[in-house]
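These notes are about the structure you will find just below.
The values are calculated or read from the model by the stated rules, or taken from the named source; none is laboratory data. None of these values were measured; they are calculated from a predicted model. Cβ: placed from backbone, ideal geometry, glycine included. Neighbour counts: every protein chain shown.
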């Protein structure tokens, strides 16, 4: 991933720079260990966005899960974004071409979200200091369940290894989310059975 600093005067502004080399193999191993350390959905989601942002050295990472009933992407977990930005409004598939395209199974890169019509909240992004975005789908058995986005504060060219890393992490994350949901369903079923058997309500 390299960042581009727009320049009008080459003698004043520095040339394009690249961030420090990232060991994505080590980062992926550490992220996988962190993600698999819990079956509680909230903890799993937060570990995903934190691990992703730290590994890719980006401003922020957000994970949204698809609500098929409302056709919206609900906030699952976030790292590095302000409460003001998060309160900007709902993310509707009908209004977010970025997410609609991503949910069809392809990673999407936007070099400047402030001017790209595929990004739903351009003005909010400008105030938040967001410039570039990379978005990949969360898929389980070929079925999209959400998206992961990463944001940078400078114009950024995401490289193939960035896309591959985020895509692999998204695949691991989707499985972890599915396992956490199954665990929650089993736990709820168990408490329901025990409550019925004992005639009392069991608090998880």
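Filter the stretch 76-99 down to residues that are surrounded by 15 or more Cβ atoms within 10 Å (Cβ to Cβ) and not in a loop (DSSP other than H, G, I, E, B), then give me how many there are.
9
If residue 136 meets every condition in (1) under 26 Å from residue 42 (Cβ atoms); (2) part of a helix (DSSP H, G or I) apart from one, which number is that one?
(2)
Output the qualifying pairs, or none if there are none: Cβ atoms under 9 angstrom, residues six or more apart or on different chains, first residue in the stretch 168-193 and farther than 15 Å from residue 34 by Cα, second residue loosely packed, with under 15 Cβ neighbours inside 10 Å and at pLDDT below 70.
Close Cβ pairs (under 9 Å, with a partner that is loosely packed, with under 15 Cβ neighbours inside 10 Å and at pLDDT below 70) amount to 187/204; 188/204; 190/202; 191/201; 191/202; 191/203; 191/204; 192/202.
May I ask you to list the residues in the stretch 139-155 that are more than 17 Å from residue 81 (Cβ to Cβ) and at pLDDT 95 or above?
Listed by number, the list holds a single entry, 155.
Being in contact (Cβ under 8 Å) with a residue 12 or more places away in the chain, crowded, with 22+ Cβ neighbours inside 10 Å and more than 14 Å from the chain's Cα centre (by Cα): is that true of residue 152 here?
Criteria not met by residue 152.
Has the stretch 10-20 got any residue that is surrounded by 13 or more Cβ atoms within 10 Å (Cβ to Cβ), closer than 21 Å to residue 149 by Cβ and modelled with pLDDT of 80 or more?
no
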